[in-house]
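The values are calculated or read from the model by the stated rules, or taken from the named source; none is laboratory data. All figures in this text were calculated on a predicted structure; none of them were measured in a lab. Reconstructed Cβ throughout: ideal geometry from the backbone, glycine too, with neighbour counts over all protein chains shown.
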Ligand code: SF4
Ligand code: SF4
Ligand code: SF4
């Protein structure tokens, strides 16, 4: 891998490479360059996982023509597909080295072993009651019970914006979560459930289920579950699998390019 990156930098296939290196014992994202090519000896994969594509998006905002190489797990690739569709990155300027870490695929990416403490052996922080829930666990409860549980979870929020800041597909220059007519910026904790529902709506057809928001949340709100529920509706109604392809655009899904019959809303009205 390091040799390939070295060649890419030397023959100018790419200008920079986004990977990881150990800093003070921790694997951190790092930008490798031709000028400091000796640093490639420190390039690692390990268990590091970060939205490198988010860094690429920021760099591209400043330098639209820069050619970027990056490590890409399955979730990174799904995020890249969304960013290509939303014109945040140009696929012609991105090279990836595949480092898939888990057996998940686009239809079953809920299986990501990296995120499952039982299989990965990773300690998952817990605040209050166990919230390591699967969608089927939620279905066992009626709507009032689900509302009570979600409100319990939301009231823990300290409005740190960690979920938005880590999210590879939260790229808006003006974020609704800081728009005073939607979410009062002076209120802490944030108004619930509006703060979380605004973001949940935005994640419909956009969230690629990487789970980084949930990892980042200091109070352990099951955010990944919330966005999975939102995206169930997108799949059921539009048959749109977010991040599965850089070709299938949510903007023409009902237009001429893709002809899909939307399923009746009744089929999802009992879900939340
Ligand atoms: S799981 Fe969270 S961080 Fe990942 S894409 Fe969805 S909302 Fe963003
Ligand atoms: S929360 Fe919504 S408005 Fe804010 S960056 Fe994410 S998608 Fe954009
Ligand atoms: S990361 Fe958690 S605590 Fe921070 S704003 Fe998001 S939901 Fe709230």
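In the condition set (1) away from ligand 2 (no atom under 15 Å from the Cβ); (2) assigned to a loop (DSSP other than H, G, I, E, B); (3) crowded, with 20+ Cβ neighbours inside 10 Å, residue 169 is compliant with all but (1). Here the condition is being within 30 Å of residue 61 (Cβ to Cβ), touching a helix residue (DSSP H, G or I) at 6+ places or on another chain (Cβ under 7 Å) and away from ligand 1 (no atom under 11 Å from the Cβ); of 175, 160, 207, it holds for 175 alone. On the stretch given as segment 12-29, residues that are assigned to a loop (DSSP other than H, G, I, E, B) and either under 22 Å from the mean Cα position of the chain (by Cα) or under 16 Å from residue 63 (Cβ atoms) (or both) total 3.
Sort out which residues of segment 157-166 are farther than 19 Å from residue 225 by Cβ and assigned to a helix (DSSP H, G or I), and write them in order of number. The answer is 165, and nothing else.
Scanning segment 233-246 turns up at least one residue that is buried (at least 20 other Cβ atoms within 10 Å of the Cβ) and not in a loop (DSSP other than H, G, I, E, B). Of all residues in segment 216-225, exactly one satisfies the criterion of being surrounded by fewer than 20 Cβ atoms within 10 Å (Cβ to Cβ) and either within 14 Å of ligand 2 (Cβ to nearest atom) or in a helix (DSSP H, G or I) (or both), namely 216. Return the residues of segment 47-59 that are buried (at least 19 other Cβ atoms within 10 Å of the Cβ) and either over 17 Å from residue 207 (Cα atoms) or outside the structural domain of residue 90 (by TED's automatic domain parsing) (or both); say none if nothing qualifies. Selection gives 48, 56. Within segment 192-214, residues that are closer than 11 Å to residue 163 by Cα and part of a loop (DSSP other than H, G, I, E, B) have Cβ atoms under 7 Å from residues that are modelled with pLDDT under 90 and within 12 Å of ligand 3 (Cβ to nearest atom) in these pairs: 211/224, counting only partners at least 6 apart in sequence or on another chain.
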